[in-house]
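For reference, the structure discussed in these notes is given below.
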Amino acid sequence: MKVFERIDQSAGLSDEEHLLLESVKRLSREKLAPRAAELDRTAAFPHDNIKDINQLGLNAMFVPEAYGGSPVSYAAYLACVREISAACASTGIIWATTFHAMKPLVDFGAEEQKKRLLPRIASGGLGALAITEPTAGSDATGMKTRFTPDGDHIVIDGGKTFITNGDVADLYLLFGKWSGEADDRRAISCLLLEKNTPGLSVLRTEDKMGHRASSTAALAFERCRVPRANLLAGPGEGLKLLLASLNRSRPSVAAHALGIARAAFQDAVAYVNERRQSGRAIIEFQGIQFLLADLAAELAQCEAWLWHVARLVDGGAADFGIEASILKLRASDLAMRIATEAVQLHGGYGYCKDYRVERLMRDAKITQIWEGTNQIHRQLIGRHFTEK
Ligand SMILES: Cc1cc2nc3c(=O)[nH]c(=O)nc-3n(C[C@H](O)[C@H](O)[C@H](O)COP(=O)(O)OP(=O)(O)OC[C@H]3O[C@@H](n4cnc5c(N)ncnc54)[C@H](O)[C@@H]3O)c2cc1C
């Protein structure tokens, strides 16, 4: 595995970031990984994992110092997402979703909003990012949730579906359309919705194939009033903010997928070294070696690309959307491929729950679907090369 350790050295983390990552690795190994199978079985929200994450103060890395945080590089954040997700993909996506939802507040929020709302995230609050609706998935501009101004308030009516952390979040980054604005794209706006706001209700949580311990909720808004002070982006600004926030969250979901890919690769390698057939370890069969070689080559290249994108972000690049799409596409397809091959390499045992690879295969599938399906990413990447 030295190959992968060397690639990680190119992430360029500082000494403090290495120490932080070591503590995340310890947490993942000692607490998160041992609980993952039971959480998958019961589909219970992993409150203990979130408590342990908060004991390490990991949310602080999302938040600037002025609002109670202790920021790190994007590369260090991605390394932590990958580590947590390798141990428990559900916990990984719960934690990363808080980052996805709150980064736009950090980047685009007014000073008053940040002072008021960010300290509760820094100290362990959960965030949710609410874009998808029953009739607006891949095409978010089809959303129907309405924001209607009413004096010092905005009244929200509508609903969202498939919202990670939707039933447990302290703060929601919510997208909707401004009433009276006829242009569908211009109408998209964004506000911050606080937990327990009257008119916000959780309709149900989904019973899923994988990521079973992360809650995925359908939400309804019925004359839900929020102060105008919580508006983050009005008409004409919301879509820009939506695209900017997806650019930050896509490398993060890729790091999450790579966590699953790494865990599956590690389990596959361990098994083929240990399992014996025809008088020898199955890794000695050339067909098995060729498969491992292909998986290792793809994983190595994808991890190198992860740090390439992290460097772009940490270097202040303004436009890295295509690189982020390439990363999301590759990392998630690879997670699915490695997890599927890991099951295959475990033979019949891989199909049973005694081995982690069964869960990893189920957890991997959604990574090809969320944060833009991989068809949509292929379209974005392909379109980029259209000569104008
Ligand atoms: C577990 C889970 C967690 C989620 N978490 C969140 C969350 O926190 N916040 C949030 O807002 N959303 C979340 N989502 C929603 C997720 O992002 C959407 O499911 C996804 O964007 C796809 O939308 P859809 O399900 O409506 O599928 P559709 O858009 O209806 O797509 C159906 C199929 O058609 C294909 N398709 C659609 N348009 C095109 C096209 N133009 N070209 C080619 N193919 C196309 C798609 O690729 C897909 O295969 C989550 C979903 C799940 C299942």
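The values are calculated or read from the model by the stated rules, or taken from the named source; none is laboratory data. Because the structure is a prediction, the values reported are computed rather than measured. Counting neighbours? That spans all protein chains shown, and the Cβs are built from the backbone with ideal geometry, glycine included. Surface areas here come from the heavy atoms of the whole protein model, side chains and all, with no ligands, DNA or RNA. Shrake-Rupley method; radii C 1.70, N 1.55, O 1.52, S 1.80 Å.
Rounded to the nearest whole Å³, what is the per residue volume of the convex hull around the Cα atoms of the range 124-237?
Values: hull volume 11.6 nm³, N = 114.
With only Cα atoms used, the range 124-237 gives 101 Å³ per residue.
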Using Cα atoms only, what is the angle between the long axis of helix 33-42 and the major principal axis of the chain, expressed in degrees (0 to 90) to the nearest 10? 70 degrees
With n ≥ 4 as the cut-off for DSSP H runs, can you work out [θ] at 222 nm for the chain, using -39500 (n - 2.57) per run divided by the number of residues, rounded to the nearest 500? -17000 deg cm²/dmol
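Can you give me the relative contact order of the chain as a percent, contacts being Cα pairs under 8 Å and 6 or more apart?
Relative CO of the chain lands at 17 percent.
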Quick one: with all protein chains in place, what share of the accessible area of the range 126-281 is carbon or sulfur, to the nearest percent (1.4 Å probe)? 47 percent
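Relative to the compact globular guide of 2.2 N^0.38 Å, what is the alpha carbon radius of gyration of the chain, as a ratio?
Working: Rg = 21.1 Å, N = 388, 2.2 N^0.38 = 21.2 Å.
Computed over Cα atoms of the chain, the ratio equals 1.00.
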Between the range 1-70 and the range 310-388, what is the C-alpha centre distance in whole Å? 21 Å
Taking the Cα centre of the range 55-131 as the origin and placing charges on Cβ (Lys, Arg +1; Asp, Glu -1), which of Leu58, Leu126, Tyr74 is farthest toward the positive end of the dipole? Leu126
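If you place +1 on the Cβ of every Lys and Arg, -1 on the Cβ of every Asp and Glu, and leave all else neutral, what size is the dipole of the chain about its Cα centre, to the nearest 20 Debye?
Working: 47 positive and 47 negative charges, 105 e Å.
Result for the chain is approximately 500 debye, rounded to the nearest 20.
Can you tell me the dipole magnitude for the range 328-371 around its Cα centre, using point charges on the Cβ only (Lys, Arg +1; Asp, Glu -1), in Debye to the nearest 20?
60 debye
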Under a point-charge model restricted to the Cβ atoms of Lys and Arg (+1) and Asp and Glu (-1), what is the dipole moment magnitude of the range 123-261 relative to its Cα centre, in debye to the nearest 20? 240 debye
How many nm is it between the label spots at Arg116 and Ile369, if each spot is 7 Å from the Cα in line with the beta carbon? 3.7 nm
Positive dipole terminus of the range 277-328, leading residue within Ile322, Ser278, Phe290 (C-beta point charges): Ser278
Qualifying trypsin sites (Lys or Arg not before Pro) for the range 333-379 [loop in DSSP, other Cβ within 10 Å: at most 12]: Lys353
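Based on the alpha-carbon gyration tensor of the range 29-120, what equivalent-ellipsoid semi-axes (square roots of 5 times the eigenvalues) come out, in whole Å, largest first? Provide the component values of the computation, followed by the final result.
Details: eigenvalues 142, 34, 25 Å².
Over the Cα atoms of the range 29-120, the semi-axes work out to 27, 13, 11 Å.
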Given the whole protein assembly as supplied and a 1.4 Å probe, what does the accessible area of Asp139 come to in Å², nearest 10? 90 Å²
Considering the chain as a Gaussian network with a 10 Å cut-off on Cα pairs, which listed residue, Ala110, Ala37, Ala324, attains the greatest mean-square fluctuation? Ala110
For Lys240 and Asp294, extending 7 Å from Cα along the Cα-Cβ vector and measuring point to point gives, in nm, a value of 4.6 nm
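So if each residue of separation counts as 0.36 nm, and I subtract the Cα-Cα distance between Ser70 and Glu38, what length gain in nm does that give?
Details: separation 32, 0.36 × 32 = 11.52 nm, distance 3.26 nm.
Length gained between Ser70 and Glu38: 8.3 nm.
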For the range 171-274, what mean projected area does the convex hull of the alpha carbons give, in nm²? 9.3 nm²
Can you give me the distance in nm between label points at Phe285 and Lys25, each placed 7 Å from the Cα along the Cα-to-Cβ direction? 3.3 nm
Mean-position separation - Cα centroids, the range 112-154 and the range 185-212, in angstrom: 8 Å
Can you work out the accessible area per residue across the chain, with the rest of the protein chains kept in place, probe 1.4 Å, in square angstrom? 44 Å²
At a probe radius of 1.4 Å, what is the per-residue accessible area of Lys114, in Å² to the nearest 10? 30 Å²
